[in-house]
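Since the structure comes first, as structure tokens, the remarks are kept for the end.
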Amino acid sequence: MSDDLPLEAARRRVKAQQAQLIGALVGNQGAPPGFDRQRVNVQAAALRAKRSRLVAAAAPDLVAVLKNDWDHLFDDYARGHPLESSARRTDATSFRRWVNRRCCHRLR
Amino acid sequence: VAAAQGAVVAAVVVAEVAVVVDSVGRLGVGLAWRRELELSVARVPGIEFVEVLAESVNPRRLPPSLRALRARAVPVVPHGVGLSLGGADRPDPGRLKHLARLARELDAPLVSEHLAFVRGGGFEAGHLLPVARTRPALDVVCANIEETQAALPVPLAIENVAALLDWPEPEMSETEFLARIAERTGVLLLVDVANLHANALNFGGDACEALEALPMDRIAYVHVAGGVDRAGFYHDTHAHQVPPAVFGLLNHLCSCGAPAGVLLEYDRRFPTDAHLVSELDAIRAAMQLAHV
């Protein structure tokens, strides 16, 4: 019965379930079965908004250059670049590189 | 006879409260220390303890303002956000070592973390996500908490989080989940009344009832924070003023038991000292209800 899994089996099950939910929230994968889709979208947007605030705080020069383009550019970037646990660069550095490659803004 | 039994029950409850308070000591009225609030923490009178985001402080190079607080014997509680106690994996040894070292350097009365997971599938969520309230998840959380307790030189308290989404087919309520974890592991509780308020609004249910179902004798301290309604969801922002309903919950909690401390949190849109004073005064008034 599912109620009495040994700990390692419980870890494997929880791991698979959590990976699915995070994949939906940050990795553009669909909402896992049984979840309220609207709530998954609201949570995903809240996570991107928090990320945007943190990067903006770390890179005020970028905020000044991108001005009104910040919101849609950051949103595009965040949707395509989930924060990886093994990331070597900071999110702000990655965003700066992405903006440089993506467009017209020439940034240092 | 009924009155006598009532008195016995009351005495037992008081004794249990005292046990928890003893293991942590009195904390009083607190404010979350943030770099942006360094000056406010120094200026605003009556701040009896602070909490510091564990991941933002290097134990080998404590910020001078924290050292100054310690020199005045103001308790500083390391508050972790990155351990992912509710995650599938065992707690990261590096993070545990950091928390333990910080607790020692600060001579902290306890360490707190969240009943949440923050990473999975190779990704970082960047925020605290709710844990499925199932038996397997309960077993994993309890194992992670026990491993953390063994690594820390002081007691651990876990905090209930605010959620925007919930897992399908929960096997128990949030408060039952917390109570079972506390019973199995002996972990203390950091009750965030604003998060109870948020979840009651976002999922229905009565925050007061949820509060009453918590094991009062396990409560180490309490969080209070502000939030905002946005498109039908309550967001626990730590950036807006504390709603009256959250103070109502705090008053209710304090009239049920006596938490060792109650701490106000702001993470951005930092308010003026005058505003902090008014919210800290409301907290102080609530804490006095416990002694009436």
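In deg cm²/dmol and to the nearest 500, what is the mean residue ellipticity at 222 nm of chain B if only DSSP H runs of at least 4 residues count, each as -39500 (n - 2.57), divided by the residue total?
-13500 deg cm²/dmol
Please report Rg over Rh for the protein assembly as shown, where both radii come from the alpha carbon positions and Rh follows the Kirkwood definition.
0.97
Quick check: convex hull over the Cα atoms of region B:34-155, volume per residue in Å³, rounded to an integer?
Dividing the Cα hull volume of region B:34-155 by its residue count gives 117 Å³.
Averaged over its residues, how many other protein chain Cβ atoms are within 10 Å of peptide B:164-173's Cβ atoms?
Counting other chains' Cβ atoms within 10 Å and averaging over B:164-173 gives 4.
Can you tally the net charge around B:GLU51? Count Lys and Arg as +1, Asp and Glu as -1, for every other residue whose Cβ sits under 11 Å from the Cβ of B:GLU51.
Overall, the nearby charge balance is -1.
Take the Cα gyration tensor of region B:81-215, multiply each eigenvalue by 5, square-root it, and list the three semi-axes largest first, rounded to whole angstrom.
For region B:81-215, the ellipsoid semi-axes come out as 24, 17, 14 Å.
Taking chain B as a Gaussian network, where each spring joins two C-alpha atoms under 10 Å apart, which residue of B:GLU48, B:GLU113, B:GLU169 fluctuates the most?
Most flexible of the set in this elastic network: B:GLU169.
Quick one: grab the alpha carbon gyration tensor of chain B, order the square roots of its eigenvalues as a ≥ b ≥ c, and give me rounded if a/c is under 1.5, else prolate or oblate depending on whether a/b is larger than b/c.
The shape class here is rounded.
Which of the peptides B:35-45, B:200-210, B:256-266, A:45-55 is most tightly packed, and how do the rest follow, judged by the mean count of other Cβ atoms within 10 Å per residue?
Averaged packing, sorted descending, gives the order B:256-266, A:45-55, B:200-210, B:35-45.
Using the alpha-carbon atoms, what tilt in degrees (0 to 90, nearest 10) does helix A:37-58 show relative to the longest principal axis of chain A?
For helix A:37-58, the angle is close to 40 degrees.
Compute the helix-to-body angle for A:70-80: its Cα long axis versus the longest principal axis of chain A, expressed 0 to 90° and rounded to tens.
Around 40 degrees separate the two axes.
What list of ³J(HN,Hα) values in whole Hz, one per residue of region B:58-75 in order, does the Karplus curve 6.51 cos²θ - 1.76 cosθ + 1.60 (θ = phi - 60°) give from phi, with Gly and Pro shown as x?
Computed from phi, the couplings for region B:58-75 are 8, x, 7, 9, 5, x, x, 5, 6, 4, 5, 5, 5, 5, 8, 6, 6, x Hz.
Where a number appears in this text, it was derived from the coordinates with a stated rule and is not lab data. Fair warning: this is a prediction, and the values are worked out from it, not measured in the lab. Because the Cβ atoms are built from the backbone with ideal geometry, glycine has one as well, and the counts that use them run over all protein chains shown.
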